[in-house]
1. If only one of Val37, Val31 is outside any loop (DSSP other than H, G, I, E, B) and either on the phi > 0 side of the Ramachandran plot or modelled with pLDDT of 90 or more (or both), which one is it?
2. Considering Glu55, Glu88, which residue is in a helix (DSSP H, G or I), at negative phi and free of Cβ contacts under 8 Å to residues at least 24 places away in the same chain?
3. Do you know which of the residues in region 68-95 that are surrounded by fewer than 18 Cβ atoms within 10 Å (Cβ to Cβ) and not aliphatic (A, V, I, L, M) is farthest from Arg49 (Cα to Cα)?
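The values are calculated or read from the model by the stated rules, or taken from the named source; none is laboratory data. What you see is a predicted model, and the numbers here were worked out from it, not measured in a lab. Cβ coordinates were reconstructed from backbone atoms using ideal geometry, including for glycine residues, and neighbour counts include every protein chain displayed.
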Amino acid sequence: MKRSDTSQPAGFTKAEAFESSVVEDAHREKVDLRDLVRIGDFLAPETHRQGGADEAASAVREWADDDFEMIAAAEKIARREHQDDSAEILHRARVLAA
C-alpha cells in the first residue's frame, strides 16, 4: 500500500479548508480597504470641482456596496496617512452610507 492510497481523515481536510478560507477573507478585506483608499486618491482631484466631492463620495459608496464599516475603516487609513482629500471623500461616502 502506498501513502497516496490512504485517505486523509475528514477532520484534517475540513480544518485545512476552513483555515485557507479565513486567511483568504482577512486578506481580501485588507485589499478592499486599500482599494477604497486608492479610489479616494484617484477621485481626489474631483474635490476641486463644484459638486465633485459629492459625486466622488457617491461613487465610493456605490463601490463599497454601502458597507458603512468598511468605508469608515478606509477613512481611518486615509486620515492616518495624511491623504486629506481622499479622507474627505471617504467621510462623505460614510455619511451617505449611513
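1. Just a single option satisfies the conditions, and that option is Val37.
2. Step by step, each of Glu55, Glu88 is checked, and only Glu55 is in a helix (DSSP H, G or I), at negative phi and free of Cβ contacts under 8 Å to residues at least 24 places away in the same chain.
3. Taking the candidates together, the pick is Glu69.
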